[in-house]
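**Q** For reference, the structure I am asking about is given below.
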Amino acid sequence: MNILVFGKTGQVATELQRQADVVALGRNEADLSDPAHCASIIASSEADVIINAAAYTAVDQAEVNEGLATTINAVAPTEMAKVAATRGLPFLHISTDYVFDGLGSTARAPEERTAPINAYGRSKLAGEQGVVAAGGTYAILRTSWVFSAHNANFVKTMLRLGKERSAISVVDDQVGGPTPAADIAATLLKMAEQLHPDNSCTYHYAGTPDVSWKDFATEIFMQAGLPVEVSGIPTSSYPTPAERPLNSRLDCTEMQNMFGVPQPDWRTGLTKVLQDLGEI
């Protein structure tokens, strides 16, 4: 199976290249700010499956660059999915828990009502809608709190701060499932093998158990052997340009039912990442 991946240096794209023989396109080869060019690549590709692992992920910057975020996160995947549909190529697209409003305390199922509370979420939801409307074989994979040994992410930030400070305050009223990029990549590859018109749908995939950012940080420091005291603060004490959802829990039942993929224990994934980074 020939797999074409949009994205090359991001967390999931990097893991896809580590786990499979894929053709991965970086921004210099396929810039999603130019949707027509990205669509033309698919039109002439010899791939059997397309995975879009590229996105505008700067959540706070999206508040002032919503037009660009929408081009990259919505217009580009829509045009790419249209061409993939025309050619009969399955199209897998990564999305986010930010398409929900973050209210409540229960895990959100894929079919529940979406209501993004920031520009990034709006752009990602528009991308989902475009992929579905393209009418081809597709899978939208919503995930949350992605981490790995690559690029900037919460784990690497905590490790840096943990070596500089003996105490740190971390938000404790946002709850979700940290998700190893390696597990997302493995899941996408498995889905690519099994995807067909009858199971084209939106799926959720996130790590378990659900925790707050404070609890996540505490586990990072514990596994890395860093003696850092972690105290919790409310989101209101850490204002950001983009509003963050308090509830990022995702119900991943349908993923297990359809593809036989259980939720990963993020603590095990964290251990592997820390080993990759040489921290343990």
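Values in this text are rule-based calculations from the coordinates and carry no lab data. Everything numeric here is computed off the predicted structure, so don't read it as measured data. Note that we place each Cβ from the backbone using ideal geometry, even for glycine, and neighbour counts take in every protein chain shown.
**Q** Residue 24 - would you say it is in contact (Cβ under 8 Å) with a residue 40 or more places away in the chain and of a type outside the set (D, E, K, R)?
**A** It is false that residue 24 is in contact (Cβ under 8 Å) with a residue 40 or more places away in the chain and of a type outside the set (D, E, K, R).
**Q** Within the set of pairs 6 or more residues apart or between chains, which connect a residue that is in contact (Cβ under 8 Å) with a residue 40 or more places away in the chain and of a type in the set (D, E, K, R) inside segment 118-139 to a residue that is part of a helix (DSSP H, G or I) and buried (at least 24 other Cβ atoms within 10 Å of the Cβ) with Cβ atoms less than 8 Å apart?
**A** These pairs meet every condition: 124/73; 124/98; 124/99; 128/99.
**Q** I've got another one for you. Among residues belonging to segment 41-60 that are in contact (Cβ under 8 Å) with a residue 40 or more places away in the chain and not hydrophobic (A, V, I, L, M, F, W, C), point out the one that is surrounded by the fewest Cβ atoms within 10 Å (Cβ to Cβ).
**A** So, considering only residues that are in contact (Cβ under 8 Å) with a residue 40 or more places away in the chain and not hydrophobic (A, V, I, L, M, F, W, C), the one surrounded by the fewest Cβ atoms within 10 Å (Cβ to Cβ) is 46.
**Q** Working only within segment 28-78, note down all residues that are within 18 Å of residue 99 (Cα to Cα) and in a loop (DSSP other than H, G, I, E, B).
**A** Listed by number, the residues that qualify are 53, 54, 55, 56, 57, 58, 59, 60, 65.
**Q** Residues that are surrounded by fewer than 20 Cβ atoms within 10 Å (Cβ to Cβ): find the strands (runs of 3 or more DSSP E) completely inside segment 147-264 holding 2 or more of those.
**A** Once the strands (runs of 3 or more DSSP E) in segment 147-264 are filtered for at least 2 residues that are surrounded by fewer than 20 Cβ atoms within 10 Å (Cβ to Cβ), what remains is 167-171, 229-233.
**Q** Let me ask another. Taking interchain pairs and intrachain pairs at least six residues apart, which have beta carbon atoms under 6 angstrom, with the first residue in segment 235-252 and in contact (Cβ under 8 Å) with a residue 12 or more places away in the chain and the second of a type in the set (Asp, Glu) and surrounded by 20 or more Cβ atoms within 10 Å (Cβ to Cβ)?
**A** Listed by first residue and then by second, the contacts come to 248/97; 249/210; 250/97.
**Q** For the list (1) closer than 28 Å to residue 193 by Cα; (2) in contact (Cβ under 8 Å) with a residue 60 or more places away in the chain; (3) among the charged types (D, E, K, R); (4) surrounded by fewer than 24 Cβ atoms within 10 Å (Cβ to Cβ), I need the number of the one condition that residue 101 fails.
**A** Every listed condition holds for residue 101 apart from (1).
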